[in-house]
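Could you have a look at this structure, given as structure tokens, before my questions?
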Amino acid sequence: MAFIRVALDVPLATLFDYRMPGATPADIGARVVVPFRRKIATGIILGIESASVLPPQRIRTALRILRDVPPLPVDVLKLTKFCSDYYQYPIGATILGTLPLRLRQTRPIKPPPDAGTAASGADAAAGPALSAEQRHALKQIRAGHGFVPWLLRGVTGSGKTEVYFHLVADALARGKQALLLVPEINLTPQLEAQIAARFPATPLATLHSALNESERLHNWLAAQSGRAGIVLGTRLAVFAPLPRLGLIVVDEEHDTSFKQAEGLRYSARDVAVLRAKQREILVVLGSATPSLESYQQALAGRYRQLVLSRRIHAELPSIECIDTRRAALIDGLSQPLLAALHATLKRGGQSLIFINRRGYSPVLMCRSCGWTSDCRRCSAKLVLHLQEHLLRCHHCGHTEPAPAACPQCGDQDLLPVGQGTQRIEAALARMLPGARILRIDRDSTRRKHAWREMREQIQSQQIDILVGTQILAKGHDFPRITLVGVLNADGALYSTDFRAGERLYARLAQVAGRAGRGEHPGRVLVQTDFPDHPLYRALCRDDYAAFAETQLAERRQAGLPPFVHQAALRAEAPQLATALDFLARAAASGSRIADGVTLLDAVPAAVTRRAGIERAHLVVESRSRRALQDFLFRWRQQLEAAAVRKVRWMIEVDPLEL
Ligand code: ADP
Ligand code: ZN
Ligand code: ZN
């Protein structure tokens, strides 16, 4: 009698045994429909056993094995098992979470007819002649065999994509599949078109959140059957079954959207490297400003590094700081920046103003009594959105009408404090009459196709000044932008988050990278109170290495990642005291088994209350990943065994934000 051992999407680490006559080892990785409690559920078969530890009368019989599509391959099962262990997340939820929704349902699917295998890369259209740096990079990479992790550090516009394309062509020519991971696919439709143009005969499958379920299933099956030669996707695509996988590229590897912030809290970049190691293939991490984790790996010789230091078409922009302690600001704009905007306008050039805050002003305040617009459900201020006459919480989404008078004292003298995109847009319209201004932020691009229409407007020269948040920064090629102004970036310099500086540098380098991509040289003006800060000094010299090395030295000294490994135990409860109390008890029981790990104090999260829920966390760290993993495994068992009430908790390994 065969028993099958099944992973189910339940919040438990256990596997479940069922009777299944006729099951064979070939069914490992297959979906199976089983009765579970009073329902039926779809699970994944992870083992065929001749005996079960359960008493026979407690073992139920599975309903059917779904053989509509081939079982998940062994390498994907291994990868998800590793992630389940490493990220402290139940195995069933881990595996099932990687599948398209349709494959998690109990009905079989009707797979599309297999349209043969992928065409070979010999069909690749010719690209431009490579630069010397690109040729050198390719030569180096091609000289390696098997698993080699490369960090391709190339300034914006240095032609990293072209290097990827040559490697993709190599993989296709060897009959392999290439997996390209990008941070946010809806922001980079350009790449999809570029790939299609370059590899016209190779089926391309995209995997990202903007697909509907049937597209997602279809594309996943194309990857899984080996039909798709190229798979372009966002973080979840790292788990797609790829029978002929030969290359993984992670573009903009520093981007925090590779980190999943709920459920299985994994880093797709790290999983990509792991997967490449498991499959013994090439993996390339590309970025102008690598994460300090990856950069340190390169410095330590565990990754190999290649540098593309020059732009292909243009010179790098000049970056200067405007000292805002000396320059008077009108609505957040300094005279030198206004003058530069004016001059660019007169020349017919395009400018971009970057301010990472949407809305009109981040807080509304009463001059007489000091009332401020606080969100009732979050420890955060409501942002004034003047165009809609709303106060809106950027944490929980709560909105209410903007008051005409102070709700506390009735005074009508309400003051919007600080600037957001709407206010800058309004100020520019007033100060540069006649300029055609376009605001690009989450509010203005919410409508479907809005962003595409805006891009067309920008490209067809209908816009003089763009005002936008970071959604503008990512990878877009607007050749006519010659001036970039950066406002209100200083906050990150004195943030309590030790990664804030790293993120700021990456973001500003990206934004600066938008300037001067065409024939005219670019100029970047950063308004700051701290023009001598090492971060800005490195940025102005475009010296990522200097910046990274200073940061790494500080981190080493302070005992912070990447020199220690961290995990956070997060707790959420209606009352802060409940969450903190849970963490204190977890710390007490944890410290009894702590060996080579340090438990820090429990603290409230930076935004403590969000949508009415109080949040706190406790960090555990160790110089040894192994010691941390061993500890977390045992600690989690302790925590699961303790009946906890009124607290939702989870463990996050390698957290990026605390
Ligand atoms: P990155 O991704 O490094 O920022 P891109 O890959 O976007 O840079 O390249 C910048 C621009 O240069 C693109 O328009 C690209 O098509 C072009 N390009 C890249 N390599 C070459 C080359 N060898 N010759 C001519 N143009 C190139
Ligand atoms: Zn008041
Ligand atoms: Zn709120």
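The values are calculated or read from the model by the stated rules, or taken from the named source; none is laboratory data. Everything quoted here is computed from the prediction, not taken from an experiment. Cβ sites come from the backbone with ideal geometry, for glycine too, and all protein chains shown count toward neighbours. SASA here: full protein model, heavy atoms, side chains in, ligands and nucleic acids out. Shrake-Rupley method; radii C 1.70, N 1.55, O 1.52, S 1.80 Å.
Computed FRET efficiency, Cβ-Cβ of residue 593 and residue 201, R0 60 Å: what is it to the nearest 0.05?
0.55
Quick one: pull the percent of accessible area on the chain belonging to carbon and sulfur, 1.4 Å probe, ligands and nucleic acids left out.
The value for the chain is 52 percent carbon and sulfur by accessible area.
Another question, then. For residue 641 and residue 109, compute 0.36 nm times the residue count separating them, minus their Cα-Cα distance, and round to one decimal in nm.
So the extension gain works out to 187.6 nm.
Given +1 on the Cβ of Lys and Arg, -1 on the Cβ of Asp and Glu, and no further charges, what dipole in debye does segment 458-576 carry about its Cα centre, rounded to the nearest 20?
The dipole magnitude comes to about 220 debye.
Amide H to amide H, which residues 5 or more places from residue 245 or on other chains are under 5 Å from it, using H placed in the peptide plane?
177
Helix-only mean residue ellipticity at 222 nm, the chain, DSSP H runs n ≥ 4 weighted -39,500 (n - 2.57), per residue, nearest 500. What is it?
Computed mean residue ellipticity for the chain: -9000 deg cm²/dmol.
Taking the Cα-to-Cβ direction at residue 630 and at residue 331 and moving 7 Å from each Cα, how far apart do the two end points lie in nm?
6.3
Hey, another quick one. Rank by packing, highest mean first: peptides 553-559, 644-650, with packing defined as the count of other Cβ atoms within 10 Å averaged across residues.
644-650, 553-559
In Å², and per residue, what accessible area does segment 524-630 have when probed at 1.4 Å with the other protein chains present?
So segment 524-630 comes to 46 Å² accessible per residue, rounded to a whole number.
Please name which of 281, 157, 195 has its Cα lying farthest along the dipole of segment 149-295 towards the positive end, using unit charges on Cβ (Lys, Arg +1; Asp, Glu -1) and the Cα centre as origin.
So the residue we want is 281.
Using R₀ = 35 Å, calculate the FRET efficiency as 1/(1 + (r/R₀)^6) where r is the Cβ-Cβ separation of residue 584 and residue 550; round to 0.05.
Once the sixth-power term is evaluated, E becomes 0.45.
With the Cα gyration tensor of segment 536-658 giving a ≥ b ≥ c as the square roots of its eigenvalues, does the rule (a/c under 1.5 for rounded; else a/b larger than b/c for prolate; else oblate) give rounded, prolate or oblate?
Judged from the Cα gyration tensor, segment 536-658 comes out oblate (a/c at least 1.5, b/c at or above a/b).
Step through the residues of segment 57-73 one at a time and calculate ³J(HN,Hα) from phi using the Karplus curve (6.51 cos²θ - 1.76 cosθ + 1.60, θ = phi - 60°), rounding each to whole Hz and writing x for Gly and Pro.
Values, residue by residue: 5, 8, 8, 9, 9, 5, 7, 6, 8, 8, 10, 5, 10, x, x, 4, x Hz.
Residues of segment 271-413: accessible area per residue at 1.4 Å, in Å²?
47
Next question, about the same structure. On full extension of the chain, what length is gained from residue 26 through residue 413, given 0.36 nm per residue of separation minus the C-alpha to C-alpha distance?
Going from the current span to full extension adds 131.9 nm.
Further question: If you take the square roots of the eigenvalues of the alpha-carbon gyration tensor of segment 240-386 and sort them as a ≥ b ≥ c, do you get rounded (a/c under 1.5), prolate (a/b over b/c) or oblate?
Because a/c hits 1.5 or more and a/b fails to exceed b/c, segment 240-386 counts as oblate.
Once fully extended, how much extra length lies between residue 343 and residue 39, figured as 0.36 nm per residue of separation less the alpha-carbon to alpha-carbon distance?
So the extension gain works out to 102.5 nm.
Next up: Tilt of helix 335-347 relative to the longest C-alpha principal axis of the chain, in degrees (0 to 90, nearest 10)?
Tilt relative to the chain: about 90 degrees.
Please get the size of the charge dipole for segment 234-314, origin at its Cα centre, with Cβ charges of +1 on Lys and Arg and -1 on Asp and Glu, quoted in debye to the nearest 20.
Its charge dipole is roughly 220 debye.
Right, something else. If DNA, RNA and ligands are ignored and the probe is 1.4 Å, what is the ranking of 213, 657, 253 by accessible area, most exposed first?
Putting 213, 657, 253 in descending order of accessible area: 657, 213, 253.
Roughly how tilted is helix 160-173, in degrees to the nearest 10 and between 0 and 90, from the longest Cα axis of the chain?
So the helix axis and the longest Cα principal axis differ by about 30 degrees.
Take peptides 150-160, 215-225, 338-348 and line them up by average Cβ neighbours within 10 Å, highest first, as a rough protection proxy.
150-160, 215-225, 338-348
Now a separate question. Of the beta bridges DSSP finds with both residues in the chain, what % are antiparallel, to the nearest 5?
Roughly 50 percent of the beta bridges in the chain run antiparallel, per DSSP.
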